[in-house]
């Protein structure tokens, strides 16, 4: 395919879609599928066929529409109406050309101008819920691969890096390293074998943004990687994806095949001299592989254990070659930046954190699902306006950053969410999991839960992490059982400092964060367990004897 | 040192499929994890003879192959039951009461991480299956069950014939 043919395909597909009377877009992301979206989609296709309108009405699957709590969702494109909580029995009415047939579905209509949708700003998720992730022409009709075409034909590799730098984009995997700087580091290595790696080993419990992007818009990630390959001078890319994400793997494989067939990947991309291949590597369930050097070891077929840095991967990574590693969401931002320019992206967000961030809302919140907001909005906006608040409970804390993050108490609800402000209050942006807890959650138990996670996932290479997490978990467990004394709190503090300062990688360094943030903001809960021998949330079974504990 | 091959060589076409996976990676040790994925898919679990065969073919020390296979949670070194329940213990599921579901399964089938003595049911826990919007979630034989109520597993257990 040449650049002209790409534009031609875009025009043709757009025209075809406009000629249709209606398009019924069914969300087929993991959330909706488990509520029966597949059956609904088949029922819709059958209903359309039964009405003899297969030529005028198209039924297709899309990626995540965001409002997982109301699934399965269907968007009727012609009248721009979103329906939720549907069953296959609703299919004939939905497919019917007569609006009167849909009157009884009024309760299922979801207000697209309501705060859940209106307060969001979609860049990464712009296509999610609008294009069929299994059809390449659909992506192309939505402007797909135009960024790659622009980069290859109108820009120099240096120019691309410059745009990314100007955009102010920072790594969306959590740490927030400036993406442009990273690209520049790889680009300026002497020309030789280089690699581009997409980190799709989304391991934080409570995070499903990367999964949704891969399932909903796989070509966007491929396009971002190909642009990165052009910019830094790499010809081979790898996507390291969690083995548990079956649907994402399947859609990626399919997308890679389609792109190769149309010369959007592989040799002579868009009939230019640029070549770039992408292969999948499946993770096998090790949280530590989200750490870049452990991820590299895993791609090389070894145990996923991190190594000392420097050298950093941009100098010496995969098979000791310069390697660019970015997260899924980071790559998904690349195409819009190349098309619209770095300055456009830099105009969104706050002074130090540009663009948008996708959050996965879960826990005790009305609208669980996937949201994308500009950096700098307040937590209150995300949780109460977009998230719809806490059903039947009072807000206690929001957890961000997974096992390396912290719990944010109510007093910080009006804090603008960006990289710096979260670190300032002892939390961490992380990959974007946002779990809401109400007064039925015990903060000591939550800290214990995360410590157990880190203990299980510690790779065992460095001693502070390997044994420190076990010791800390033991203390937390004793607190929740009512067997701990006041001296244990001091011990927790000292272990926290030890782990943070001496562990080899981010897993061990970040492991104390949930403990430290709950100790800081909810000390009364620890005190209640230890001194009063009770769990304020009523969650822990304190079976230890009071005299023993305080003796 | 010569490596002993399994006494009873694996005969069906699974052997051929595994061979194909290895040749796709040019019998290079770099492809070990991919090969282990294929092997587990074909045989259900990774037995010691199977690991030895793979070590031999990829010209890797058996210790490295066992080291990798035992490092990753996804690989199972023991056979699985006829049916599998995976209870998600991610944060969202945890705060939604997933531990109670584990207790139910442990009470009625087998301890988490093990298989019932009759080989019927394996109970496992997962670190987050990325279905946080559906908490608490359980995967039963590959199907995701959403928002499972405390007694929500009774029906499934009945379906597969657990007393």
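Values quoted throughout were computed directly from the atomic coordinates according to the rules given, and no laboratory measurement underlies them. Source: prediction; values computed, not measured. Positions of Cβ are backbone-derived with ideal geometry, glycine not excepted, and every protein chain shown enters the neighbour counts.
With the crude spin-label approximation of a point 7 Å out along Cα→Cβ, what separation in nm comes out for residue A:411 versus residue B:143?
Result for the modelled spin labels: 5.0 nm.
Quick one: A:495, B:27, A:238, A:139, fewest Cβ neighbours within 10 Å first, how do they rank?
The order, fewest Cβ neighbours first, is B:27, A:495, A:238, A:139.
In the range A:167-205, whose amide N lies under 17 Å from the spot 7 Å out along Cα-to-Cβ of residue A:344? List them in ranges.
A:167-169
Classify the range B:19-74: rounded, prolate or oblate, from the alpha-carbon gyration tensor (a ≥ b ≥ c, eigenvalue square roots; a/c under 1.5 rounded; otherwise prolate if a/b is larger than b/c)?
rounded
Test of understanding: what is the full-extension gain from residue A:118 to residue A:440, defined as 0.36 nm times their sequence separation minus their Cα-Cα distance?
Computed gain between residue A:118 and residue A:440 is 112.8 nm.
Roughly speaking, what is the stretch gain from residue A:17 to residue A:378, that is 0.36 nm per residue apart minus the C-alpha to C-alpha distance, in nm to one decimal?
Roughly 126.1 nm would be gained on extension.
Taking the Cα centroid of the range A:249-264 and of the range A:219-236, what is the distance between the two, rounded to the nearest whole Å?
Cα centroid of the range A:249-264 versus Cα centroid of the range A:219-236: 14 Å apart.
Looking at the square roots a ≥ b ≥ c of the eigenvalues of the Cα gyration tensor of the protein assembly as shown, which shape do they give, rounded for a/c under 1.5, prolate if a/b is larger than b/c, or oblate?
rounded
Just to be sure I understand: of the beta bridges DSSP finds with both ends in the protein assembly as shown, what percent are antiparallel, rounded to 5?
Approximately 50 percent, going by the DSSP bridge assignments.
Could you work out, residue by residue across A:296-306, how many beta carbons of other chains sit within 10 Å of that residue's beta carbon, and then give the average as an integer?
What the average comes to for A:296-306 is 5.
Please give, to one decimal in nm, the separation of the simple spin-label points placed at residue A:279 and residue A:320, each 7 Å out from Cα toward the Cβ.
Label at residue A:279, label at residue A:320, 1.9 nm between them.
Is the range A:462-514 best put as rounded, prolate or oblate by its Cα gyration tensor, with a ≥ b ≥ c the root eigenvalues, rounded for a/c under 1.5, and otherwise prolate when a/b is larger than b/c, oblate when not?
Taking the square roots of the gyration eigenvalues as a ≥ b ≥ c, the range A:462-514 is prolate.
Estimate the FRET efficiency between residue A:55 and residue A:79 by the formula 1/(1 + (r/R0)^6), using the beta-carbon distance for r and 22 Å for R0, to the nearest 0.05.
0.65
Please give the FRET efficiency for residue A:420 paired with residue A:307, using the beta carbon to beta carbon distance and R0 = 51 Å, rounded to the nearest 0.05.
Rounded to the nearest 0.05, the efficiency is 0.95.
Hey, got the average number of other protein chain Cβ atoms within 10 angstrom for residues in B:121-131?
Taking all residues of B:121-131 together, the mean is 6.
May I ask you to sort B:85, B:74 by Cβ crowding, counting other Cβ atoms within 10 Å and putting the fewest first?
Result, fewest neighbours first: B:74, B:85.
So if we plug the beta-carbon distance of residue A:254 and residue B:154 into 1/(1 + (r/R0)^6) with R0 = 41 Å, what FRET efficiency do we get, rounded to 0.05?
Efficiency computed from Cβ-Cβ geometry: 0.65.
Order these by the 10 Å Cβ neighbour count, fewest first: A:368, A:350.
A:350, A:368
Add -39500 (n - 2.57) for each DSSP H run of 4 or more in chain A, then divide by its residues: what number comes out at 222 nm, to the nearest 500 deg cm²/dmol?
Calculated mean residue ellipticity at 222 nm is -12000 deg cm²/dmol.
Using the basic label-point model (7 angstrom from Cα toward the beta carbon), what is the residue A:192 to residue A:8 distance in nanometres?
It is 4.3 nm.
Please compute the length gained on full extension between residue A:493 and residue A:539, using 0.36 nm multiplied by the number of residues separating them and subtracting their Cα-Cα distance.
Additional length available on full extension: 14.2 nm.
Measure out, as a whole number of angstrom, how far apart the alpha-carbon centroids of the range A:428-502 and the range A:288-302 sit.
24 Å
What does the helix-only formula give at 222 nm for chain B: each DSSP H stretch with n ≥ 4 adding -39500 (n - 2.57), the total divided by the residues, and the result rounded to the nearest 500 deg cm²/dmol?
Helix-only estimate at 222 nm: -11500 deg cm²/dmol.
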